[in-house]
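For reference, the structure discussed in these notes is given below.
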Amino acid sequence: MPIFIDGELWGMFAIDSCKVARDWLQSEFDALGLFAEATGSLIMREEARLSLERSEARFRVLSATALDAIIMIDSTGHISYWNHAAEQVLGYGADEAVGKQIDKWLVPPRFRDKAVEGMKDFAKTGRGAVLGKTVELAALRKDGAEIAVELSAAAVRLDGKWQAIGILRDITERKNDRTEDLGHGADRRPDRPR
């Protein structure tokens, strides 16, 4: 009995008696066919599981070594993922961050009402003012300092609910350099990176 997976022959099941020639009943062929189908399904499931594990491992490596903060929030605005760079940029460990409401925790008070409204719209539609763009925002660090950040955000639908994935970069120094350059006019220092 052939084992087909996605229309491709993967192998065969055969049962034979080495001692006696016999005629096989149709019910025996049918049972063997069901066994071959079940085996094909199990092989497909195992291949899918291994593929998912490899994909998750690649994501973990990329996320762990990224220089930019990678943060994921669910449709209610709770942080569901926080990489090592997020710890470096914002000062909180993943154990402190995951599960926290982002608008009450990282958003400066003067922007919270707007953030809450944006999250309500996002939860319903998967759309938002910052999604699909790179924007400059302010964020609060653990030490209470407000920093300038550049945020690139995208929406994904997981388990029937919207999730937002944000890549965040601290641009405070860059913005300070810009302000400094504007103040000095032609007195720019060529040794400073732009």
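The values are calculated or read from the model by the stated rules, or taken from the named source; none is laboratory data. A quick note: this is a predicted structure, and the numbers were derived from the prediction, not measured. Note: accessible area is taken over every heavy atom of the protein model, side chains too, but ligands, DNA and RNA are not part of it. Shrake-Rupley method; radii C 1.70, N 1.55, O 1.52, S 1.80 Å.
Structure summary
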item	result
Accessible surface, per residue, of the chain when the full set of protein chains is kept, probe 1.4 Å, Å²	69
Of all accessible heavy-atom area on the chain, the percent that carbon and sulfur account for (1.4 Å)	58
Among 171, 43, 71, residue whose mean-square fluctuation peaks in a GNM of the chain (springs only between Cα atoms under 10 Å)	43
Contact order relative to length of the range 1-129, as percent, for alpha carbon pairs under 8 angstrom and 6 or more apart	14
Among the listed pairs 120/175; 100/175; 104/133, those beyond 25 Å (Cα-Cα)	120/175; 100/175
Label assignment, Rg/Rh (Cα atoms, Kirkwood Rh) derived from the structure, set (1) 1.30; (2) 1.00; (3) 1.04	(1)
